[in-house]
Amino acid sequence: ADISTTLAGVKLPNLLFNASGVCCQTEADLKLMVESESGSLITKSATYEQRDGNPSPRYNPLPGGIGSINSMGLPNEGYEYYLNYAKNYDYSSKKPLFISLSGLSLADNVKMCEAFVAADLPCVLEINYSCPNVPGKPQMGYDFEAMEHSLSVLAPIINKPFGIKLPPYFDIAHFDQAAAVFNKFDNLAFVTCINSVGNGLAIDFETEEALIKPKDGFGGLGGLMILNTALANVNAFHRRLPGKQIIGVGGVVSGKEAFLHVLAGASAVQIGTTLKEEGPAVFARVAKELSDIMIAKGYKTLEDFRGKVKTL
Ligand code: RRO
């Protein structure tokens, strides 16, 4: 089946790529993504300056394959590293490049966006409004006024289609309020739902210890346990953002969950925890599984079922 898609005006040979943060901090990581069967790739969220991030252990899978917990703390090489990568990227490869930016202030996001705009590259920006793990920095996605102000400054600077990475919302009023903000910005082309479910706590039953060291063990939850929260956010924004696209992320362990994300309204699907646990071979496997599901159900393209979840 045809699992190609178009996102922010660029064509992806298939809808799958990495969730920002996984397999994308260094050039060695990004090379693995380029060599994989993914349809695209996105870099680790960049700050203005390089960061080491939080002390280890700062990521662990949860027992039973239900998901993961992380408090990485935004380790990254600094935006100039990713700008340089973007300048040298082979855009003829048919695999589009997305760049994640997560400035610690609006001023930093302005400086980074201006630098990417000045370079005039065909990569697509995804602004991260949802890192749950920097001590003392609340997730901007939960402050609608701050997010609207940030978008009102950044959208005109970027001046072409771009996206934002959102935290999960858990209340219909919040879906409504967030969508009302996003609909004010015409060149906001996509929203990526969802980042990790912030500030969970995982405890080992035997040792009675937290699974990660930072923040007394508190960290963002990912993987299968967040699938239904992810699907709800994808579908809530698919219904509320006409003319914009949704990237679905959360709980994709096989072609079946990728299929459900598209049914909920996703135009592309990112994989985080399962990529971290399985490695880049996940993309060929999930692509094949999704294609087989589509053939079995009689769907030829993603458009045949995107957003067509049936309600009762
Ligand atoms: O680096 C992190 O701790 C991190 C980030 Br920036 C994010 O957006 N989401 C996440 O789960 N971890």
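Rule-based calculations on the coordinates, nothing more; no lab input. Model, not experiment: these values are computed from the prediction. Using ideal geometry, Cβ is built from the backbone for each residue, glycine included, and neighbour counts are taken over all protein chains shown.
Whole-Hz ³J(HN,Hα) for each residue in the stretch 249-257, computed from phi via Karplus 6.51 cos²θ - 1.76 cosθ + 1.60 with θ = phi - 60°, x for glycine and proline: what do you get?
Going residue by residue, I get 8, x, x, 7, 10, 7, x, 4, 6 Hz, with x marking Gly and Pro.
Work out, in µm²/s and without decimals, the Stokes-Einstein translational diffusion coefficient of the stretch 264-311 at 4 °C, 1.567 mPa s, Rh from Kirkwood over C-alpha pairs.
Estimated via Stokes-Einstein, D reaches 107 µm²/s.
For a Förster distance of 25 Å, can you work out the FRET efficiency between the beta-carbons of F305 and A284, rounded to the nearest 0.05?
Once rounded, the FRET efficiency stands at 0.70.
Given H placed on each backbone N at 1.01 Å, which residues far from L7 in sequence or on other chains put an amide H within less than 5 Å of it?
L12
Given 0.36 nm per residue, what is the gain on full extension from D143 to D52 after removing their alpha carbon distance, in nm?
30.1 nm
Let me make sure I get this right: for the stretch 218-312, a, b and c are the square roots of the gyration tensor eigenvalues over alpha carbons, sorted descending. Under 1.5 in a/c it's rounded, otherwise prolate if a/b > b/c, else oblate. Which is it?
Note, shape of the stretch 218-312 comes out oblate.
Whole-Hz Karplus ³J(HN,Hα) for the stretch 112-129, in order, using 6.51 cos²θ - 1.76 cosθ + 1.60 and θ = phi - 60°, x for Gly and Pro?
Going residue by residue, I get 5, 4, 4, 5, 5, 5, 4, 6, 6, 9, x, 6, 10, 8, 10, 8, 8, 9 Hz, with x marking Gly and Pro.
If you scale each eigenvalue of the Cα gyration tensor by 5 and take the root, what three semi-axes come out for the stretch 1-113, rounded to whole angstrom and sorted largest first?
Three semi-axes, in Å: 24, 21, 12.
What ranking do 296-304, 279-287 get when scored by the average of other Cβ atoms within 10 Å per residue, highest first?
In decreasing order of mean packing, 296-304, 279-287 become 279-287, 296-304.
Report the charge-dipole magnitude of the chain in Debye, nearest 20, computed about the Cα centre from +1 at each Lys and Arg Cβ and -1 at each Asp and Glu Cβ.
The dipole magnitude comes to about 880 debye.
Under a point-charge model restricted to the Cβ atoms of Lys and Arg (+1) and Asp and Glu (-1), what is the dipole moment magnitude of the stretch 162-233 relative to its Cα centre, in debye to the nearest 20?
Computed about the Cα centre, the dipole is about 380 debye.
Report the one residue of Y142, Q177, A118 whose Cα lies farthest in the direction of the positive end of the charge dipole of the stretch 109-206 (charges on C-beta: Lys and Arg +1, Asp and Glu -1; origin at the Cα centre).
The one lying farthest along the dipole's positive direction is A118.
Can you tell me which of 40-49, 72-81, 14-23 comes out highest on packing, and rank the rest after it, using the mean Cβ neighbours within 10 Å?
14-23, 40-49, 72-81
For the chain, what does -39500 (n - 2.57) per DSSP helix run (n ≥ 4), summed and divided by total residues, give at 222 nm, in deg cm²/dmol to the nearest 500?
Value at 222 nm, helices only, nearest 500: -10500 deg cm²/dmol.
For the chain, build the charge dipole from Cβ charges (+1 Lys, Arg; -1 Asp, Glu) around the Cα centre, then report which of G163, P75, C23 sits farthest towards its positive end.
Towards the positive end, the residue furthest out is G163.
Provide Rg and Dmax in Å for the stretch 33-82, with only Cα atoms included in the calculation.
Both quantities, over Cα of the stretch 33-82: 13.9, 39 Å.
Which residues' amide hydrogens lie under 5 Å from the amide hydrogen of L121, considering only partners 5 or more residues apart or on another chain, with H built in the peptide plane?
none
Might you report the magnitude of the Cβ-based charge dipole of the stretch 229-305 about its Cα centre, with Lys and Arg at +1 and Asp and Glu at -1, to the nearest 20 debye?
Magnitude of the dipole: close to 220 debye.
So for the chain, considering every pair of alpha-carbon atoms, how many percent are separated by more than 29 Å?
Above the 29 Å cut-off, the chain has 30 percent of its Cα pairs.
List, in order, the whole-Hz ³J(HN,Hα) value for each residue of the stretch 231-242 obtained from phi through the Karplus relation with A = 6.51, B = -1.76, C = 1.60 and θ = phi - 60°; use x for Gly and Pro.
Per residue, the Karplus-derived 3J(HN,Hα) values read 4, 4, 5, 4, 6, 4, 7, 4, 6, 9, 10, x Hz.
Show the residues, 5+ positions off or on another chain, whose built amide H is closer than 5 Å to the amide H of I127.
Amide H to amide H, under 5 Å and 5 or more residues apart or across chains, I127 pairs with L101, G163, I164, K165.
I'd like the FRET efficiency for A296 and S4, computed as 1/(1 + (r/R0)^6) with the beta carbon distance as r and R0 of 22 Å, rounded to 0.05.
In this case the efficiency is close to 0.70.
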